[in-house]
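Since the structure comes first, as structure tokens, the remarks are kept for the end.
The values are calculated or read from the model by the stated rules, or taken from the named source; none is laboratory data. The structure presented is a predicted model; accordingly, all values stated were derived computationally and were not measured. Note that we place each Cβ from the backbone using ideal geometry, even for glycine, and neighbour counts take in every protein chain shown. Quick note on the areas: whole protein, heavy atoms, side chains included, nothing else; ligands and nucleic acids left out. Shrake-Rupley method; radii C 1.70, N 1.55, O 1.52, S 1.80 Å.
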Amino acid sequence: MLKATEKTAFLYIKGDRVRTSGNSEWQDGMETAARLRNDGVGYMILKNISEGDAENDLAIHTAKHMIQASDMPAALCGNIRRFEDIKKYIYAGAIYVFCDEESKQETEAFKEGVARFGNERVIQAPVARAIAAIENGQPADAAGLKAYEITVNASWEDCKLNEQGMLPVVTQDYRTNEVLMVAYMDREAFEKTIATGIMTYYSRSRKELWVKGLTSGNFQYVKSLYLDCDKDTLLAKVYPVGPACHTGAVSCFFNKVLEKPSVAVDPNHVLEDVMAVIQDRKIHPKEGSYTNYLFDKGIDKILKKVGEEATEIVIAAKNPDPEEIKYEIADFLYHALVLMAEKGVSLEDIMIELANR
């Protein structure tokens, strides 16, 4: 079993602007995160040096969206005055929060942070000295901060290759499980994929290494890699940026041959379908629609219904018959989706927030 450490970038963040270590120029946070990711960086350490509550809140908001947009793990440090600051960093998506052991204020916050989130996520270190060391070229772990490590359980030698000495790869969107494409790897592509975290294949037609997205910008960032039971096919679960197919389609598999009706219920699809109808009603009102009635009445009416349905759940929970609570929870979820549509919050926003907790 090998340990692979992601290439680390250290950045200062101030409001919605960031600058890399050793660089005095402030840049857009989102653009910087995307550039670093495409340069093969796999882990960010962000030190918040914002001034004032408004700028500090903007910095946390920026960090959250940098992490989401780049799908890159990140650690946050700086401006930790109380436990709530640690909690904000964790909920922004930080895999680690570093508290400076040389700060009495941060030490107090650290104790409560560890009690709530554990010492694997909330870490005390000599942050100021570690940052100076990083700026002098030392890696994060050597500087006293926790590096982001990935366990690699197999090597190229463990794979069984086809007649051409290649390993077939099935690539799947990790969020939806949709199969995006099928391609091949040689040893160099396999090892480069593990080293960079960006899907890299071997193009049999061009007879060369193929970093997916290098030309189109449609990169695929690795979330996990699995060998099948025979170790002759690799399953790559990825975070895709843009479509996988050269035609512009999300997936290469769009030519339907056969499809049988299914009664299986996919919770994700049900919620997405209901949300799609709600959003369509908001854009294209339909006479007699209860959803449009709620939108027309406005936010206060929607909030009133959400509160009423939450109360109905509590009442139903006291009833031994489980059918009633199913009905009430379904009612609550519908009204919560209407509230989300009214406030411009997507299902993906909620799923990401839950995944970060």
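Listing for the model above:
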{"quantity": "Close pairs from segment 24-37: first in contact (Cβ under 8 Å) with a residue 40 or more places away in the chain, partner buried (at least 22 other Cβ atoms within 10 Å of the Cβ) and part of a loop (DSSP other than H, G, I, E, B), Cβ under 7 Å, at least 6 apart", "calculated": "Arg37/Met72"}
{"quantity": "Counted residues, segment 91-112 - those being open to solvent by 20 Å² or more (accessible area, probe 1.4 Å) and not basic (Lys, Arg)", "calculated": "13"}
{"quantity": "Tally of residues being surrounded by 15 or more Cβ atoms within 10 Å (Cβ to Cβ) and over 30 Å from Pro126 (Cα atoms) across segment 146-155", "calculated": "1"}
{"quantity": "Qualifying residue in segment 46-62 (condition: assigned to a strand (DSSP E or B), within 18 Å of the chain's Cα centre (by Cα), at pLDDT 90 or above and not small (Gly, Ala, Ser))", "calculated": "yes"}
{"quantity": "Qualifying residue in segment 326-336 (condition: open to solvent by 60 Å² or more (accessible area, probe 1.4 Å), outside any helix (DSSP H, G or I) and of a type outside the set (Phe, Trp, Tyr))", "calculated": "no"}
{"quantity": "Per-region count, segment 15-50, residues surrounded by 15 or more Cβ atoms within 10 Å (Cβ to Cβ) and of a type in the set (Asp, Glu)", "calculated": "1"}
{"quantity": "Check on Leu209, touching an Asp or Glu at 6+ places or on another chain (Cβ under 7 Å) and modelled with pLDDT of 95 or more", "calculated": "yes"}
{"quantity": "Lys88 vs. criteria open to solvent by 30 Å² or more (accessible area, probe 1.4 Å) and part of a helix (DSSP H, G or I)", "calculated": "yes"}
{"quantity": "Selection status of Leu214, within 21 Å of Tyr43 (Cα to Cα) and either charged (D, E, K, R) or without any contact (Cβ under 8 Å) to a residue 24 or more places away in the chain (or both)", "calculated": "yes"}
{"quantity": "Cβ pairs under 8 Å, 6+ apart, first in segment 99-115 and free of Cβ contacts under 8 Å to residues at least 60 places away in the same chain and more than 11 Å from Ala125 (Cβ to Cβ), second among the small types (Gly, Ala, Ser) and surrounded by fewer than 16 Cβ atoms within 10 Å (Cβ to Cβ)", "calculated": "none"}
{"quantity": "Where a residue in segment 3-14 is touching a residue at least 60 places away in the same chain (Cβ under 8 Å) and its partner, wherever it lies, is acidic (Asp, Glu) and in a strand (DSSP E or B), with Cβ under 8 Å and at least six apart", "calculated": "Lys3/Glu149; Ala4/Glu149; Thr5/Glu149; Glu6/Glu149"}
{"quantity": "Unique residue being assigned to a helix (DSSP H, G or I) and either loosely packed, with under 11 Cβ neighbours inside 10 Å or aromatic (Phe, Trp, Tyr) (or both) when the list is Asp280, Asp296", "calculated": "Asp296"}
{"quantity": "Among (1) open to solvent by 30 Å² or more (accessible area, probe 1.4 Å); (2) farther than 30 Å from Ser251 by Cα; (3) assigned to a helix (DSSP H, G or I); (4) of a type outside the set (Ser, Thr, Tyr) - the single one Gln138 does not satisfy", "calculated": "(3)"}
{"quantity": "Test set (1) more than 30 Å from Val238 (Cα to Cα); (2) open to solvent by less than 10 Å² (accessible area, probe 1.4 Å); (3) in contact (Cβ under 8 Å) with a residue 40 or more places away in the chain - Glu55 fails condition number", "calculated": "(2)"}
{"quantity": "Identity of the residue in segment 65-84, part of a helix (DSSP H, G or I) and surrounded by 22 or more Cβ atoms within 10 Å (Cβ to Cβ), that ends up modelled with the lowest pLDDT", "calculated": "Ser70"}
{"quantity": "In segment 148-206, residue nearest to Met351 (Cα to Cα) [restricted to those that are within 21 Å of the chain's Cα centre (by Cα) and of a type in the set (Asp, Glu)]", "calculated": "Asp173"}
{"quantity": "Segment 213-233, subset modelled with pLDDT of 95 or more and under 16 Å from Asp173 (Cβ atoms), residue surrounded by the fewest Cβ atoms within 10 Å (Cβ to Cβ)", "calculated": "Tyr226"}
{"quantity": "All positions within segment 167-199 that are part of a loop (DSSP other than H, G, I, E, B) and either of a type in the set (A, V, I, L, M, F, W, C) or surrounded by fewer than 16 Cβ atoms within 10 Å (Cβ to Cβ) (or both)", "calculated": "Thr176, Asn177, Glu178, Met199"}
{"quantity": "Scan of segment 116-133 for residues that are open to solvent by less than 30 Å² (accessible area, probe 1.4 Å) and assigned to a helix (DSSP H, G or I), ordered by number", "calculated": "Val127, Ala130, Ile131, Ala133"}
